[in-house]
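One structure below.
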Amino acid sequence: MKPIEFIDLHQRDEEETCECIILPDGRVEEPAPSHINKLMELAGEDTAWLHGQMEKGMEPLYWLVQFTGCMAVWQSRVVSPAEPTMQQVETLEDLRNGAMLGVKYLLEKANDSYVESVRRAKSLQGQQAAPVT
(Lines give C-alpha, C1' and ligand atoms only; values in the text may rest on other atoms or scores of the structure.)
Protein backbone atom coordinates (compact mmCIF):
# COMPACT_ATOMS: atom_id res chain seq x y z
CA MET A 1 0.00 0.00 0.00
CA LYS A 2 1.02 3.59 -0.37
CA PRO A 3 2.44 5.38 2.68
CA ILE A 4 -0.61 7.63 3.02
CA GLU A 5 -2.89 4.57 3.04
CA PHE A 6 -0.82 3.03 5.84
CA ILE A 7 -0.91 6.27 7.83
CA ASP A 8 -4.69 6.60 7.38
CA LEU A 9 -5.19 2.98 8.43
CA HIS A 10 -3.11 3.21 11.60
CA GLN A 11 -3.01 6.83 12.70
CA ARG A 12 -6.20 6.71 14.76
CA ASP A 13 -5.39 3.41 16.45
CA GLU A 14 -3.99 4.49 19.81
CA GLU A 15 -2.91 1.00 20.85
CA GLU A 16 -1.05 0.06 17.70
CA THR A 17 2.44 1.35 17.08
CA CYS A 18 4.00 1.85 13.68
CA GLU A 19 5.32 -1.48 12.48
CA CYS A 20 5.84 -2.06 8.78
CA ILE A 21 8.14 -3.08 5.98
CA ILE A 22 9.10 -0.46 3.39
CA LEU A 23 9.73 -2.04 0.00
CA PRO A 24 12.46 -0.67 -2.31
CA ASP A 25 9.78 1.10 -4.40
CA GLY A 26 8.51 2.94 -1.30
CA ARG A 27 5.30 0.95 -0.80
CA VAL A 28 4.49 -0.23 2.70
CA GLU A 29 3.47 -3.72 3.83
CA GLU A 30 2.32 -5.08 7.16
CA PRO A 31 4.98 -7.29 8.82
CA ALA A 32 2.64 -10.21 9.45
CA PRO A 33 3.26 -12.46 11.24
CA SER A 34 6.61 -10.77 12.07
CA HIS A 35 9.25 -8.60 10.43
CA ILE A 36 11.63 -11.52 9.89
CA ASN A 37 8.94 -13.86 8.53
CA LYS A 38 7.70 -11.16 6.15
CA LEU A 39 11.25 -10.48 4.93
CA MET A 40 11.80 -14.22 4.36
CA GLU A 41 8.59 -14.33 2.34
CA LEU A 42 9.67 -11.32 0.29
CA ALA A 43 13.10 -12.89 -0.31
CA GLY A 44 11.39 -15.54 -2.43
CA GLU A 45 13.85 -18.26 -1.43
CA ASP A 46 13.59 -21.41 0.61
CA THR A 47 14.02 -20.73 4.33
CA ALA A 48 16.72 -23.40 4.67
CA TRP A 49 18.69 -21.87 1.77
CA LEU A 50 18.47 -18.41 3.32
CA HIS A 51 19.65 -19.66 6.72
CA GLY A 52 22.45 -21.57 5.02
CA GLN A 53 23.74 -18.38 3.40
CA MET A 54 23.85 -16.37 6.63
CA GLU A 55 27.21 -16.53 8.29
CA LYS A 56 27.46 -17.58 11.93
CA GLY A 57 26.92 -14.72 14.31
CA MET A 58 24.98 -12.61 11.83
CA GLU A 59 21.62 -11.26 12.87
CA PRO A 60 18.93 -12.55 10.48
CA LEU A 61 17.10 -9.18 10.51
CA TYR A 62 20.09 -7.23 9.15
CA TRP A 63 20.94 -9.95 6.63
CA LEU A 64 17.37 -10.17 5.31
CA VAL A 65 17.03 -6.39 5.11
CA GLN A 66 20.15 -6.27 2.96
CA PHE A 67 19.10 -9.31 0.88
CA THR A 68 15.60 -7.98 0.11
CA GLY A 69 16.49 -4.31 -0.03
CA CYS A 70 13.57 -3.62 2.33
CA MET A 71 13.44 -1.54 5.50
CA ALA A 72 12.08 -2.97 8.76
CA VAL A 73 10.26 -0.26 10.72
CA TRP A 74 9.09 0.09 14.30
CA GLN A 75 7.92 3.30 15.94
CA SER A 76 11.30 3.90 17.57
CA ARG A 77 13.66 1.94 15.29
CA VAL A 78 14.35 1.47 11.59
CA VAL A 79 16.69 -1.18 10.16
CA SER A 80 17.76 -0.28 6.64
CA PRO A 81 19.83 -1.83 3.87
CA ALA A 82 23.25 -0.21 3.51
CA GLU A 83 21.95 1.99 0.68
CA PRO A 84 18.22 2.69 0.92
CA THR A 85 16.40 3.89 -2.17
CA MET A 86 15.16 7.45 -2.55
CA GLN A 87 11.59 6.10 -2.47
CA GLN A 88 12.27 4.45 0.90
CA VAL A 89 13.75 7.65 2.32
CA GLU A 90 10.68 9.58 1.12
CA THR A 91 8.31 7.00 2.66
CA LEU A 92 10.20 7.15 5.95
CA GLU A 93 9.81 10.92 5.90
CA ASP A 94 6.08 10.52 5.17
CA LEU A 95 5.73 8.19 8.17
CA ARG A 96 7.63 10.63 10.38
CA ASN A 97 5.52 13.55 9.19
CA GLY A 98 2.39 11.47 9.83
CA ALA A 99 3.51 11.02 13.47
CA MET A 100 3.95 7.28 12.94
CA LEU A 101 7.62 7.36 14.00
CA GLY A 102 9.17 8.70 17.15
CA VAL A 103 10.85 12.07 16.76
CA LYS A 104 14.24 10.55 17.58
CA TYR A 105 13.87 7.08 16.11
CA LEU A 106 17.02 4.95 15.83
CA LEU A 107 18.17 4.36 12.24
CA GLU A 108 20.44 1.33 11.84
CA LYS A 109 21.96 0.18 8.55
CA ALA A 110 23.39 -3.15 7.48
CA ASN A 111 27.17 -2.88 7.69
CA ASP A 112 29.82 -3.99 5.19
CA SER A 113 29.95 -7.58 6.47
CA TYR A 114 26.24 -8.00 5.68
CA VAL A 115 26.67 -6.34 2.28
CA GLU A 116 29.49 -8.77 1.42
CA SER A 117 27.63 -11.83 2.74
CA VAL A 118 24.53 -10.95 0.71
CA ARG A 119 26.65 -10.29 -2.37
CA ARG A 120 28.09 -13.80 -2.08
CA ALA A 121 24.64 -15.33 -1.53
CA LYS A 122 23.19 -13.55 -4.55
CA SER A 123 26.08 -14.76 -6.71
CA LEU A 124 25.23 -18.33 -5.66
CA GLN A 125 21.52 -17.75 -6.11
CA GLY A 126 21.71 -18.11 -9.88
CA GLN A 127 24.00 -21.15 -9.64
CA GLN A 128 21.51 -23.38 -7.83
CA ALA A 129 21.24 -26.70 -9.61
CA ALA A 130 18.17 -27.25 -11.74
CA PRO A 131 16.07 -30.26 -10.80
CA VAL A 132 16.88 -33.44 -12.74
CA THR A 133 14.00 -34.56 -14.94
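The values are calculated or read from the model by the stated rules, or taken from the named source; none is laboratory data. Quick caveat, the model's predicted, so the values are computed rather than measured. Every residue, glycine as well, gets a Cβ built from its backbone with ideal geometry; the counts of neighbours run over all protein chains shown. Accessible surface areas use protein heavy atoms only, side chains included; no ligands, DNA or RNA. Shrake-Rupley method; radii C 1.70, N 1.55, O 1.52, S 1.80 Å.
Please give the Cα centre distance for segment 25-93 versus segment 108-123, rounded to the nearest Å. Cα centroid to Cα centroid, the span is 12 Å. The trypsin sites (Lys or Arg not before Pro) of segment 72-105 that DSSP puts in a loop, and whose beta carbon has at most 10 other beta carbons within 10 Å, are Lys104. In this structure the amide hydrogen of Leu107, modeled in the peptide plane, comes within under 5 Å of the amide hydrogens of Val78, none closer than 5 places in sequence on its chain. For segment 116-122, the Karplus equation 6.51 cos²θ - 1.76 cosθ + 1.60, evaluated at θ = phi - 60°, returns couplings of 5, 4, 5, 4, 5, 4, 5 Hz by residue, with Gly and Pro reported as x. This model, with +1 at the C-beta of Lys and Arg and -1 at the C-beta of Asp and Glu, gives segment 47-111 a dipole about its Cα centre of some 180 debye.
3J(HN,Hα) couplings calculated from phi for segment 22-34 with the Karplus curve 6.51 cos²θ - 1.76 cosθ + 1.60 (θ = phi - 60°) are, in sequence order, 9, 6, x, 7, x, 6, 10, 10, 6, x, 8, x, 7 Hz; Gly and Pro show x. Checking every one of the GluC sites (Glu not before Pro) in segment 45-116 against DSSP loop status and a limit of 11 other Cβ atoms within 10 Å picks out no site at all. Which of the trypsin sites (Lys or Arg not before Pro) found in segment 15-72 are in a DSSP loop and have at most 15 neighbouring Cβ atoms, other than their own, within 10 Å? The qualifying sites are Lys56.
The portion of the accessible surface of segment 51-133 made up by carbon and sulfur, rounded to a whole percent, is 52 (1.4 Å probe; DNA, RNA and ligands excluded).
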